[in-house]
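Since the structure comes first, as structure tokens, the remarks are kept for the end.
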Amino acid sequence: MRGRLVVHGIGGPANGRVWELRANARIGRFEGVEICIDDASVSRVHAELKLTPLGWRLIDMGSTNGTLVNGTRMTKAQWPLHRKDVVVVGGVSLRIEEIEAEAVSQSPVPVPPASDDLGLFQGLNLWVEATTKSNWQDALIDVARERELAGQTREMFVTLLDTSRHLVHLEREDDFLSHVLEDAVNVLRAQGGAIVLAEGTPPVLKPRLQVEREKSAGRPRAYSQSLAERVFERGCSALCRSFEEDPQLSKSPSIFEGNMASILCVLLHTPRRRLGVLHLDRPAHIAPFENGDLAFANALAAQISIGIESAQMIRKQRETFFETVNVLGQVIELRDAYTGGHTMRVTHYATLIAERMGLPSDQLELVRLGAPLHDIGKIGIADSILRKEGNLTDSEREQMRGHTVLGDQILKSHPGLMKVAAIARSHHERHDGLGYPDGLKGDAIPLLARVVSVADTFDAMTSDRPYRARMKLQDALAFMAAESEKQFHPEVLKVFLEFASSLSIAP
């Protein structure tokens, strides 16, 4: 390996001095070192400049006062040097003025330090500075140890605590991921980040969320797909930099055009399974990631993984609950041969109305939950009334109307369904106050009950019933339009009529 390094002193007792190096050199206060600086803040053998197959590297030799590169304190890892880098040893500043390195025999795959884990990444033809494959439970212990060495604790651990806070209030996976990814990008001074999750069987990595501190049309993608796939496949987090040694990777769109000078690619996993990767990168003008950053990212990934798995479990439980509710609604329909499919159609129409009204996601979920159960009170209505083909008597009609109150009572008895009890009770109220059971008027009628009322009435008119044939689509819509501000809330009905003519009703 041949190389040349020119170092200028720019501060303290080294100011104005110049060293031209062509081989490894030590920096220190000891007279026998190649760059001798007589200053009490400099250790006897403070640091070493080392020529490696990947270029010049700086190594702190366990100095008392530490070594900084471009303002970032080094750990025990080798630090790649570039032209104009400012190195501070103790209280003395040095600047790299010129740097040259040429390998005598080029190897397509750089030989990494002795480590079983580093070999996992040789198939990528890139230099992996460090890897971790720590036990999931040990990640927080590792970051504490690394951050103590690096002397950077407060901001990192505040972020970890914030992630824990997000876990406590975890409701929606996307909101959780957005918070923690933005925190990770900010605290690690990354230019961009991505959370890439595995989907399907066999698992395929797909980007779930991407964040960039500064939007740039030149960045085709905020993560390296090849590195993400290898980390996920091998189950081993990686810190990578010095991509210039590999012509293929250095010119890839994600790395070259994305100006990725160093990358943290961290495995997202729990003791049960691998979930995906957290990918963070820094540009060339910011000091590259170090081992302490990898340890912190691993700790953060452990918490993110808990959140992802918990959110997925919550989502599955919620979907199972919705499916159970839908089945219950359909079971109730079995008592009435003329209302087959009514529950599913009303739920579909009501959801469309709610979406087009721009209701928030929590309200949409209540529509999905409450619409299938709007007629649950009919479970207490006698078959002789429910299946009667002729007109109901006044007494029978009063009993039929009682399904709204009974439905309200049934749903209020279940903590998970209390919020949708108003749908069952009030979906037969009218905007003009002539509905039942409470004679509510206008905005006094709960909003979601107004939504379900429109959907329920439309399906009733366009379906066959024991006492009449169904109406044609346009006739039903014309009737409903005429009932605006009478039977229906005008704003809800207006939203429905905007798309209702495109609905296909069952033959």
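Quick notes on this one:
- Exactly one residue out of G62, G90 is small (G, A, S) and surrounded by 20 or more Cβ atoms within 10 Å (Cβ to Cβ), and it is G90.
- Listed by first and then second residue, the pairs linking a residue in region 378-396 that is assigned by TED's automatic domain parsing to the domain that holds L411 to a residue that is of a type in the set (V, I, T), with Cβ atoms under 8 Å apart and 6 or more places separating them unless they lie on different chains, are K378/I332; I379/I332; I379/I410; L392/I385; E396/I385.
- Elements of type strands (runs of 3 or more DSSP E) contained in region 43-93, each with 2 or more residues being within 14 Å of E290 (Cβ to Cβ) and touching a strand residue (DSSP E or B) at 6+ places or on another chain (Cβ under 9 Å): 55-60, 67-69
- Condition check for A23: closer than 20 Å to I99 by Cα, modelled with pLDDT under 95 and not in a strand (DSSP E or B): yes
- Which listed residue, of S413, S504, S453, is at pLDDT below 95 and either within 16 Å of T347 (Cα to Cα) or more than 39 Å from the chain's Cα centre (by Cα) (or both): S504
- Members of region 400-451 that are of a type in the set (D, E, K, R), surrounded by fewer than 22 Cβ atoms within 10 Å (Cβ to Cβ) and assigned to a loop (DSSP other than H, G, I, E, B): R430, D432, D438, K441
The values are calculated or read from the model by the stated rules, or taken from the named source; none is laboratory data. These numbers come from a predicted model, not from an experiment. All Cβ positions, even for glycine, are placed from backbone atoms using ideal geometry, and neighbour counts span all protein chains on display.
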